1. Once you sort the root eigenvalues of the Cα gyration tensor of the range B:128-236 as a ≥ b ≥ c, which label holds: rounded (a/c under 1.5), prolate (a/b larger than b/c) or oblate (the other case)?
2. Extension gain A:THR13-A:SER196, at 0.36 nm per residue separation less the Cα-Cα distance, in nm?
3. Hey, with R₀ at 45 Å, roughly what FRET efficiency would B:THR18 and B:ILE150 work out to, going by the Cβ-Cβ distance, to 0.05?
4. Could you give me the radius of gyration and the Dmax of the range A:237-348, taking only the C-alpha atoms into account and expressing both in angstrom?
5. So what's the convex hull volume per residue for the Cα atoms of the range B:152-293, in Å³?
6. I'd like the distance between the alpha-carbon centres of the range A:290-350 and the range A:43-69, rounded to an integer number of Å.
7. When a/c reaches 1.5 or more, the comparison of a/b and b/c decides; with that in mind, is the protein assembly as shown rounded, prolate or oblate per its Cα gyration tensor?
8. Ignore the peptide's own chain and count Cβ atoms of other chains within 10 Å of each Cβ in C:199-207; give me the average, rounded.
Amino acid sequence: MSHSVELSGIGMTFGTTRAVADVNFKVEAGEFFSILGPSGCGKTTILRMIAGFIHPTEGRVLIGGEDMAGRGPNQRPTAMIFQSLALFPLMPVWENIAFGLEARGVGKAERRRKADDLLRLIALEGYGDRMPGELSGGQRQRVAIARALAVEPGVLLLDEPLSALDLKLRQHMRAELRALQKRTGVTFIYITHDQSEALAMSDRVAVMSAGVLQQVATPRELYENPATPFVARFVGETNAIKGRAVASEGGIVTLDTPLGSLRGRGSVAAGQGATLFVRPEALIPGGGALTAQIDRVDFEGAFALVHGRLGDGSALTASVGSTDLAHAPEPGAQASFGFAPEHAVVLADA
Amino acid sequence: MRDLYARFGGGLATVFLTLVLLWVAAMIVAPNLMMLDYALRPNLPPAELGGPRDVRSLDNIMYLANEATHRAIFFKTVWASALVASVTLVVCYPIAYWLAQNATPRQLGIALLLLIIPFFINEVLRTLAWFILLAFRGPLNAVLQWAGMIDRPVRWQGDGGVLAGMVYAYILFMLLPIYNAIESLEKAQIDAARDLGAKPWRIHWRVVIPHAKAGIATGCVFTFMLAAGSYVAPALLGSPGSRWFTEVIYNWFFEGGDWNRGAAYALVLLALCLAVVLVTLRLFRVNLADVAK
Amino acid sequence: MIQRALFIFYLACFAVFMFAPLLVMGAAAFNTSRFPTVIPWQGTTLDWFRAMWADAAMWHALWTSAIIAAAVVVVALPIGTAAALVLTSLHARARSFAYAVMVSPLLTPGVVIGIATLILWRQVGVGGGLALIVVAQVSFISCYVMLMVIARLQRFDRTQEEAALGLGASRGMVFRRVLLPFLRPALIAAGGLAVLQSIENYNTTLFVRGFETPLTVFIATKVRTGLTPAVNALALVMIAAAVIGAIIWEIRRRAR
């Protein structure tokens, strides 16, 4: 059984530090939901408030429609997977997995049976009597997940659980987590500072900065239609060009910039300071508004990144597909780039 | 305190707090306060307790100050305890350094086991061993005579015997803290100093000892306190001429029958030890948390 | 080279200093001489072991020490553990003050602890005896327990407690199933140390013993009233027991 989670006007102040300010969002039951942001943005604080380890100084947390005020972590239908995993080092794997059942007074034979079932689910059959210290990083990871799933939580909270793994294993575990979530249908709330992780796994993503919620959207929406300059910069690579809006018509804003007049999607009133964001892959070499002195070309495999400097000295990055590499500008040369207005976004400056 | 309740819940937290309060109040604070009270009151027959003569004064402490023999014994105990601590330090430092930096794990294991063996039997038996060794007609005199180093037996019992017995009895309290402190010193630092051309004594003076100062201070504080508060070694290995302050205190309690004066003497001993602890910590710039490890 | 020779000479002297007394004491247990010595050697005998074995007073003293040690462990372990947990949950200021108070018994001479305990409890009509010996010993042995538990706690990952709570455990269960098992090695070591400290203690016990005669007091009295090599035999047995115990411990540790 999975639950929805709703944060309504939630805020947290530690002493004089405001860690989280007036955050509102609702995670639907069965959703894979990520909270993305740089470290210190308040995402872990939010997760710990949902889990009940700390209590918000304002606002409410509702799980499955029920207000959680005054309920401790052991009285909520949530289970958490910690960054350090926090497996109990002195208990064999099966007791780790069955710990939550032990807390609920389930008999030993039943606990063992449940633990074995879950070990099968995470493909670690027969590992029940090992100690956590005898497992590899990926295996420990899976045990931590099984331990949390054993209590059949309505909501699973994951605090950057993959950050300790190496790249290859991390990518593998992403797929595994995603599959597990689909299979169990449990609501996942996943915390990460790694945008590719959030984009690849989630149904929806909430982006946070400095304790403030920036945007809640699907990964694609987030990438294509960032709601704030922070989101535009934080999610994916982008080029930012500052200017002033001179006209806005049919969802296209015309921006007056030191590099000339540029156009992109948006709704900014004329006369307002704004920034145009355009992704590297939206830049097409050969003819266009942006002329740059090329510094270097980094070959990345599937594509190459062209780094250059615009007329006003600001950096420009364009990506060129490997198959088009023959047309890519050479370092030291001058090159101009164009883009379609519908591939650029104009956002008002804060 | 809130953390304690949040972490363990009401029941357990209350149990913990109760245990700690019981310990601190009934076993640490109250006994010492009561001893202080005793030390300040005169020794009176039961009938006069609470009477007009039952008032607090410094008489008992002044008695110690004015009684020449006791005063001399007190100061002798102080400097002799300091001597015990210094001798123990000198004896222990090289071996602690060797164990911590140069010994192989195997040597270390054997050495620690051997060092701990004497400490499995109690202080009384350790002292008794020296009692037998140092006896007038005992083995030490026999060996020295045989080797031609002395012409006739030496009476070791007295200050020399007490010193030897105490150094022996408390050696581990000096050795372990210094060992622990030196052990945490990176070998690379010593190598670096040697590489830069420092002579061994300079390496010790400038690198090892500064690093080990908390351990050295701890060892000295403990050895001094144990020596000053020792009763067995002076009682067994001492002579009438080498009485120890603790023996005087004991006599007030169980022979002189004046607990108040005994309490005053004990109070002076306690004050001395606390003063030594504080001064040593200040001198070595070490704080208490580093000492009790 | 000279340095090395000097150091080996020092090591040899150190070894002689540490073990000559023990060897002499042990050897004297086999000498027929009525007074424990090795000079002159009057003949080899095991009589003193027999005498020790038959000494009812010695057995009684040993029994007394065992009871005291058991009681001290039972009281000091919970107190020391509680103190460690309370200390670690205090804030910095309060903590350093409480810490100073709680380690102060370690820096107090043993005789003073005995005297202060004796004086306090006389006020409420309790004289020297078993109970008072236990109280006096617990007052400082708890410090050792506390320090050992604190040392272990510093390596404890508190998120384990949160993980357990998050899985629905009660605070009591978290303590019993997570924290206590983690502290177990420290508690076992502290218990062992407490037993050794209790049996070894003389200075404190002397003042609060009343009419009880634990082992240390028994031996010290023997020295004055008539020392025989039976005491040496006892010492030898204790050393042997300790060494065997240590070896077994080491073997089991390596086996793991």
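We did not get these values from a lab; they are worked out from the coordinates using the rules stated. Keep in mind it's a predicted model, so treat the numbers as computed, not measured. Quick reminder, even Gly has a Cβ in these numbers, built from the backbone with ideal geometry, and neighbours come from all protein chains shown.
1. Here the range B:128-236 falls in the oblate category.
2. Working: separation 183, 0.36 × 183 = 65.88 nm, distance 3.00 nm.
Taking 0.36 nm per residue and subtracting the Cα distance, the gain is 62.9 nm.
3. According to the calculation, E is roughly 0.15.
4. Looking at the range A:237-348, its Cα Rg and Dmax stand at 14.1, 43 Å.
5. It comes to 142 Å³ per residue, whole-number rounded.
6. 44
7. prolate
8. Neighbouring Cβ atoms belonging to other protein chains average 5 per residue here.
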